[in-house]
């Protein structure tokens, strides 16, 4: 055995002797090591416990900071007062609850404050013993289920230390959507060590009027508002979502959370509405499901579904326009899915049927001939007998119907007391003249009429009509589909009848040439007429062909007319009629 082997054998022997030698010898050697190991384990456990306690304290402090951020504001000096109050918080909370109830659609809203309670922490001293104060309010209002659900949704979505302690709802009816009498107690918390603030939530004000369709608003300042978008604000009874901020100009989405856009004036308050991230927003579909679960009415009996069609009207599309028509399907169970629509017969080029919505769309091509197109279709749905229904819709393509055309007419002149007529010239490329309807438009002058058959305007301005300018509106309508109408104004100037005031007062002869004297009493004007002169007074137009000692002859068209001495131009008589009295006078003389 070499030296190394001898040393190993000796060591093993020593260990064996220690182990076999009994407790005292073992403890003397290994006891201190065991004690130190146990002490190290105790210290490690203590450190871990302290670390857990520190983590709990850090979490508690963070939760306390979160609660402080959501707390209602106590009165000034509440943290050092023996009997702190939260009267400001109660006033602000009461006003906010009132606005929320009105925004939600409640009526006859009455909000009353309740008695505050203080939580006092046990221990020495009183100044540090106060922890928080409760701020209760009682709301009494009337509302249907929708506004009540809206109020509760808005209430729980706002990030504030508050809750609803009691809710009592009374309904006199159990059918339909009855009016509910609501009594609820809401309670907010005001931590005493929270700094005092003037408002419940951060506020600013509009510096410019905000229209009901505007999407940008301008505010005075933004202190206390989030730096990042989006965030929610309230102006009056409207919620808005701020989507972008550029200095004092905010871009907003209007009328969110089932509120309504309104006009807001400069100076109106803009209040931050902090949203509780733990409460999801209800979209329209989710809120509809809430309304369907109205607890205050009896559930309706099970509904029997049966798919129905109609009524289906003939669809007329004019060339150049687009057809858009949804086939009317009703009475099916929506929980079984939407109906599936399909055309059975061939359709004109470009005509399509949306299988999911049942909407027919068609923009006829220019080369598509006009005509009538019956289209058969099929609807599949579990609510239909045998799972499907068939129907037919008729689509008619027609050419455009152009409105009638009234030939333009220059200004007309009518004389008071004298009949005036005007035959209108009307054309229409699609409608025969006899099928055109003609009538007077709004506010025609007194006495004007129109003959629907001859299309002739007639008017004899009476003595009550003062001279001046008048407008006669004529409305012409064709019999196309749809009917087309046109309104044409016709200007008419009414004048005094100068012919009725112009008299033959005498005949003079100078150098063997006779001249007739015509006196216009309406204008105090004398006309000196010679043979061959053109005469025009009012609508009396002609050529003087002869002047006698007590008459003159005027050629009006093909008919000569005689004006006797002392008569006015309205008393002209045809020459054949006027000559007879002259012969009678000669016989008598």
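With the structure loaded, tell me whether residue 103 is within 19 Å of residue 272 (Cα to Cα), in contact (Cβ under 8 Å) with a residue 60 or more places away in the chain, outside the structural domain of residue 231 (by TED's automatic domain parsing) and assigned to a loop (DSSP other than H, G, I, E, B) or whether it fails that test. Before you say what the answer is, go through the steps one by one.
Details: within 19 Å of residue 272 (Cα to Cα): yes; in contact (Cβ under 8 Å) with a residue 60 or more places away in the chain: yes; outside the structural domain of residue 231 (by TED's automatic domain parsing): yes; assigned to a loop (DSSP other than H, G, I, E, B): no.
Judged against the criteria, residue 103 is not a match.
When the range 269-287 is filtered for residues that are in a loop (DSSP other than H, G, I, E, B) and surrounded by 15 or more Cβ atoms within 10 Å (Cβ to Cβ), the ones remaining, listed by number, are 273, 274, 282.
Hey, any hits in the range 319-334 for a residue that's in a strand (DSSP E or B), in contact (Cβ under 8 Å) with a residue 24 or more places away in the chain and surrounded by fewer than 14 Cβ atoms within 10 Å (Cβ to Cβ)? Reasoning before the result, please.
Of the residues in the range 319-334, the ones in a strand (DSSP E or B) are 323-326, 329-330.
Filter once more, keeping what is in contact (Cβ under 8 Å) with a residue 24 or more places away in the chain: 323-326, 329.
Imposing the further condition that a residue be surrounded by fewer than 14 Cβ atoms within 10 Å (Cβ to Cβ) reduces the set to 324, 326.
Checked against the condition, which is being in a strand (DSSP E or B), in contact (Cβ under 8 Å) with a residue 24 or more places away in the chain and surrounded by fewer than 14 Cβ atoms within 10 Å (Cβ to Cβ), the range 319-334 yields at least one hit.
Restricting attention to the range 463-481, does a residue exist that is in contact with a strand residue (DSSP E or B) (Cβ under 6 Å, 6 or more places away or on another chain), over 30 Å from residue 407 (Cβ atoms) and loosely packed, with under 13 Cβ neighbours inside 10 Å? No - not one qualifying residue is present in the range 463-481. Any residue that is within 30 Å of residue 392 (Cβ to Cβ) and in a loop (DSSP other than H, G, I, E, B) - is there at least one of those in the range 254-264? No; the residues of the range 254-264 include none that is within 30 Å of residue 392 (Cβ to Cβ) and in a loop (DSSP other than H, G, I, E, B). Run residue 504 past the list (1) assigned by TED's automatic domain parsing to the domain that holds residue 423; (2) within 30 Å of residue 526 (Cβ to Cβ); (3) crowded, with 17+ Cβ neighbours inside 10 Å and report the number of the one that doesn't hold. Unmet for residue 504, out of (1) assigned by TED's automatic domain parsing to the domain that holds residue 423; (2) within 30 Å of residue 526 (Cβ to Cβ); (3) crowded, with 17+ Cβ neighbours inside 10 Å: (1). Restricting attention to the range 527-539 and to residues that are surrounded by fewer than 12 Cβ atoms within 10 Å (Cβ to Cβ) and at negative phi, the residue that is farthest from the chain's Cα centre (by Cα) turns out to be 528. Residues that are within 18 Å of residue 565 (Cβ to Cβ) and in a strand (DSSP E or B) within the range 514-534 comprise 514, 515, 516, 517, 518, 519, 520, 526, 527, 528, 529, 530, listed in sequence order.
Against the numbered list (1) over 25 Å from the mean Cα position of the chain (by Cα); (2) surrounded by 11 or more Cβ atoms within 10 Å (Cβ to Cβ); (3) in a loop (DSSP other than H, G, I, E, B), residue 290 comes up short only at (3). In this structure, residue 514 qualifies as over 60 Å from the mean Cα position of the chain (by Cα) and either surrounded by fewer than 12 Cβ atoms within 10 Å (Cβ to Cβ) or over 27 Å from residue 422 (Cα atoms) (or both).
The values are calculated or read from the model by the stated rules, or taken from the named source; none is laboratory data. None of the values given here were measured: they were computed from a predicted structure. Every residue, glycine among them, receives a Cβ derived from its backbone with ideal geometry; neighbour counts consider all protein chains shown.
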